[in-house]
Amino acid sequence: GLTIYNDGIFEFGKPARITAATSAGSEGIVNIEREAELSGNIHNKAVLIISGFLEERFAQNFPLTLTASLAFEQSYGGIDGDSASCAEIYVILSSISEVPINQEFAITGSVNQKGDVQPIGGVNEKIRGFWEICKERGFTGSQGVIIPEQNVKDLMLCKEIIQDVMDGKFHIYSISKIEDAVPLLFGMEAGVIDKDKKYPENTLFGKVYQNLEKFYEISREKEKKPKPAPKQKK
């Protein structure tokens with residue numbers, strides 16, 4: 001994910017590693033930042049919106065039976081805003097599907113419950129933050145950032161970044177829906193829902209759907225098991 005740091009005088013972009021752990025359960029998305037009292041109201045709202053996105057995409061044939069913990073790793077200050085929503089959705093999809101994300105990309109973007117990617121602030125600083133790290137560590141020719149399509153008109157990058165993009169050392173991609181970045185990040189198509197509200201098996205959403213269905217079956221089996229009778233006291 002791409003974040004902005006602001007000390008009141010200087011503002012700069014910095015990548016942040018976001019991780020998710022998922023399992024069968026009923027707790028929904030657990031925002032670790034909120035549990036640690038490090039999450040602002042806007043970020044809390046964004047996590048609830050992500051839950052709505054997952055329910056609409058994958059819970060039309062069975063309830064969403066999921067526990068997912070979401071965290072910004074090695075973040076020791078407060079976090080607010082909704083510009084990490086896209087990145088958070090992708091890490092959750094990666095964890096559920098067990099398909100890894102290509103780590104040569106950083107992403108920024110807000111999202112609504114319908115999966116539409118929305119514009120964010122500080123796009124130039126965020127791009128520069130990731131570009132500087134890639135340059136310092138050495139360009140591979142595949143690294144790049146993914147931004148909302150609406151922010152393309154806001155780009156005011158320095159000549160050095162523009163030249164590296166023109167030379168193919170660094171890349172900037174724009175997306176308008178969550179599905180758009182799936183081929184870049186996962187190396188496969190997202191998948192289109194069919195009349196039965198399912199997805200093709202060889203797509204990312206198909207793998208997510210299959211594993212969420214397994215989570216639901218696991219939860220049902222747990223509910224069927226009889227509870228042990230309470231021990232009688234002598």
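The values are calculated or read from the model by the stated rules, or taken from the named source; none is laboratory data. Given the structure is predicted, the values throughout are model-derived calculations rather than measurements. Cβ sites come from the backbone with ideal geometry, for glycine too, and all protein chains shown count toward neighbours. Keep in mind that these areas ignore ligands, DNA and RNA; they rest on the heavy atoms of the full protein, side chains included. Shrake-Rupley method; radii C 1.70, N 1.55, O 1.52, S 1.80 Å.
Taking all protein chains as they are arranged and a probe of 1.4 Å, the heavy atoms of Met166 leave approximately 140 Å² accessible to solvent. The share of accessible area on the range 1-125 that comes from carbon and sulfur is 48 percent, using a 1.4 angstrom probe.
How large is the translational diffusion coefficient of the range 1-136 in µm² per second when you combine the Kirkwood radius over alpha carbon pairs with Stokes-Einstein at 4 °C and 1.567 mPa s?
Answer from the Stokes-Einstein relation: 84 µm²/s.
Of the residues Leu93, Leu157, the one with the largest accessible area comes first in the ranking Leu157, Leu93, computed with a 1.4 Å probe on protein heavy atoms. Between Leu48 and Cys158, full extension at 0.36 nm per residue minus the direct alpha carbon distance yields a gain of 36.0 nm. One chain, two ends: Glu55 and Tyr76. Fully extended at 0.36 nm per residue, the span grows by 4.5 nm beyond their Cα-Cα distance.
Taking every protein chain into account, the 1.4 Å probe leaves Arg220 with about 90 Å² of accessible area, to the nearest ten. One equal scatterer on each Cα of the chain, no solvent, Debye formula: the resulting log10 I(q)/I(0) at q = 0.10, 0.11, 0.15, 0.18 Å⁻¹ is -0.50, -0.59, -1.02, -1.38.
How large, in Å, is the range 35-86 by the Kirkwood hydrodynamic radius built from its alpha-carbon pairs?
12.4
Applying the Karplus relation 6.51 cos²θ - 1.76 cosθ + 1.60 with θ = phi - 60° to the range 69-78 yields 3J(HN,Hα) values of 9, 10, 8, 8, 6, 6, 10, 10, x, x Hz, where x marks Gly and Pro. Per residue, the accessible area of the chain comes to 57 Å², computed with a 1.4 Å probe over protein heavy atoms only. Taking every DSSP helix (H) stretch of at least 4 residues in the chain, weighting each as -39,500 (n - 2.57) and dividing the sum by the residue count yields a mean residue ellipticity at 222 nm of -11000 deg cm²/dmol. The calculated pair-distance distribution of the range 110-234 uses every alpha carbon pair, bins of 5 angstrom beginning at 0, and gives 2, 9, 13, 14, 13, 11, 9, 8, 6, 4, 3, 3, 2, 1, 1, 0, 0 percent. Among beta bridges from DSSP that stay inside the chain, the antiparallel ones total about 50%.
With both residues required to sit in the range 91-192, DSSP beta bridges show an antiparallel share near 25%. I need the phi-derived Karplus couplings for the range 95-104: 6.51 cos²θ - 1.76 cosθ + 1.60, θ = phi - 60°, integer Hz, Gly and Pro marked x. Once θ is set to phi - 60°, the couplings for the range 95-104 become 5, 5, 7, 6, 9, x, 8, 5, 7, 7 Hz. Considering every Cα-Cα pair within the range 79-183, what fraction, in whole percent, is farther apart than 23 Å? Result: 26 percent of Cα pairs exceed 23 Å.
Ranking Ile49, Val152, Asn124 by how far each Cα lies toward the positive end of the dipole of the chain (charges on Cβ) leaves Ile49 at the top. Taking amide H as placed 1.01 Å from N in the peptide plane, the amide H of Ala71 sits under 5 Å from that of Thr19, each at least 5 places away or on another chain.
Of the residues Ile32, Ile161, Ile9, ranked by 1.4 Å probe accessible area with the largest first, the sequence reads Ile9, Ile32, Ile161. May I ask which residue of Leu204, Gly115, Gly25 lies farthest towards the positive end of the charge dipole of the chain, with charges of +1 (Lys, Arg) and -1 (Asp, Glu) on Cβ and the Cα centre as origin? Value computed over the given set: Gly25. Charged side chains reduced to their Cβ positions (Lys and Arg at +1, Asp and Glu at -1) give the range 141-216 a dipole of some 180 debye around its Cα centre. Magnitude of the charge dipole for the range 34-175, about its Cα centre and with charges confined to Cβ atoms of Lys, Arg (+1) and Asp, Glu (-1), is about 200 debye. Taking label points 7 Å from Cα along the Cα-to-Cβ direction, Gln113 and Glu35 give a separation of 2.5 nm.
Between Asp196 and Asn6, the simple spin-label model (points 7 angstrom out along Cα→Cβ) gives 5.0 nm. Per-residue SASA remark: Asp154, around 60 Å² accessible (1.4 Å probe; ligands, DNA and RNA not included). Charged side chains reduced to their Cβ positions (Lys and Arg at +1, Asp and Glu at -1) give the range 72-132 a dipole of some 140 debye around its Cα centre. For Glu136 and Val99, the difference between the fully extended length at 0.36 nm per residue and the C-alpha to C-alpha distance is 10.5 nm. Of the solvent-accessible surface of the range 127-232, computed with a 1.4 Å probe over protein heavy atoms with every protein chain present, carbon and sulfur atoms account for 51 percent.
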